Each structure stands twice: as C-alpha cells, then as structure tokens.
1. Restricting to region 14-34, count the residues that are without any contact (Cβ under 8 Å) to a residue 60 or more places away in the chain and either open to solvent by 80 Å² or more (accessible area, probe 1.4 Å) or assigned to a loop (DSSP other than H, G, I, E, B) (or both).
2. Scan GLN108, GLN37 and give me the residue that is out of contact with any strand residue (DSSP E or B) (no Cβ under 6 Å at 6 or more places or on another chain) and under 17 Å from TYR123 (Cβ atoms).
3. Exactly one of these conditions fails for ALA66: (1) open to solvent by 30 Å² or more (accessible area, probe 1.4 Å); (2) part of a loop (DSSP other than H, G, I, E, B); (3) not acidic (Asp, Glu). Give me its number.
4. Out of everything in region 108-162 that is under 27 Å from ARG8 (Cβ atoms) and of a type in the set (Asp, Glu), what residue ends up being nearest to the chain's Cα centre (by Cα)?
5. Suppose we keep only residues that are closer than 13 Å to ALA126 by Cα and in contact with a helix residue (DSSP H, G or I) (Cβ under 9 Å, 6 or more places away or on another chain) within region 49-63. Which one would you say is most open to solvent (accessible area, probe 1.4 Å)?
6. List pairs: first in region 52-63 and modelled with pLDDT of 95 or more, second open to solvent by less than 20 Å² (accessible area, probe 1.4 Å) and assigned to a helix (DSSP H, G or I), Cβ under 8 Å, 6+ apart or cross-chain?
7. Which of the following residues is within 22 Å of ILE24 (Cα to Cα) and touching a residue at least 40 places away in the same chain (Cβ under 8 Å): PHE86, PHE118?
8. Looking only at helices (runs of 4 or more DSSP H) that lie completely in region 69-162, which have at least 2 residues being surrounded by fewer than 10 Cβ atoms within 10 Å (Cβ to Cβ)?
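The values are calculated or read from the model by the stated rules, or taken from the named source; none is laboratory data. On a predicted model such as this, the values are computed, not experimentally measured, just so you know. Here the Cβ positions follow ideal geometry from the backbone for every residue, glycine too, while neighbour counts run over all protein chains shown. The area values use the complete protein model at the heavy-atom level, side chains included, leaving out ligands, DNA and RNA. Shrake-Rupley method; radii C 1.70, N 1.55, O 1.52, S 1.80 Å.
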Amino acid sequence: MGQNGTKRRFRGSYLLKLDDRGRIKVPSKYLSILEEQYGREIYVTSLNGDHVLLYPLQIWEGIEQAIEKMKIRSPAIEEYISRTSFWGNESEVDGRGRLLIPPELRKQSKLNEEVRLFGKIDYLEAWNEEMFRSTSLAGKFTSENLQEVSRLISQFNGDSNE
C-alpha cells in the first residue's frame, strides 16, 4: 500500500536490456509494488505473440475466476483462453529481481536487446521498442479517442455527464 493506505499501481515505462539468458530485470519501483501487493509469482502470456503480458498471478487468477463463473462461454472467450494458454507460463521473479521470458514468446515478440516495459495499472507489458513505436505510436490519439475514454471512465464511475 502507498503512504496513505491506497493501492499502488504500475505506471509509466522503462527501457530495459534483456540479458543473455532471456531475462529482464524488473525495475525497483515495479518490483516493490509486486512484492508488497501480489508476491513474486507472474503469469507470462500473450494474445498474438507480438508483445508479452505479465500479470501478477493474483490478478490472473481473478481473470480466471471471472471466466469460470460463465455458464456458457462465447467463442471470443474460448479463443482468449486458448491464446493465453498457448503463450502462457507461470514464472517467478528471482531473488535479484529478474524475470525469464520464455524462449518461444521472446522470439515471436522479437524481444532482443531493448525491451520497453510498461506499467498498465495492475499488470505489465513488455514490447520490442521498435515494434511498439512502429505499431502503437504510428497513429495519433485523436480527440474522438479521448472522448471515448472520458465516456467510459465516467460510465464506470457512475457519473451522469453523458
């Protein structure tokens, strides 16, 4: 927890080096949040193999519990399970703060020397730096995008500013 008792979140990004064994060193800011709130166990997965999703195991188990409650699963949910299972492996941050990215996923997502690690509030994403810039930053974040984000946040918070 943070200084005022609030939950700390993963924010921002770091440019990291992948070591010769395929591990990244989790930045101390992220590592302290991970250890304090979730433990060192991580579910490492992807949806398309183009980047790596790193969920604290506790967060991933919450996703699994939500899916488990569904009596009938849509084809989209079944595909989500298949893809995250295909790429998925349980892992653990070692005593030196390093996390192994499985070789097949590392190769598919083109994680080599420079890895961009993003804080995504309650999980992390790892991208090949060049690939992220050429895909995710290629277009502009428009005012329409911002309006949609604002609408969704307001809707979720129960605001009536629509």
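1. Here the count works out to 2.
2. GLN37
3. Condition not satisfied by ALA66: (2).
4. GLU125
5. The selected residue is ASP50.
6. VAL52/LEU105; LEU53/THR84; PRO56/LEU34
7. Answer to the check: PHE118.
8. 75-87, 143-157
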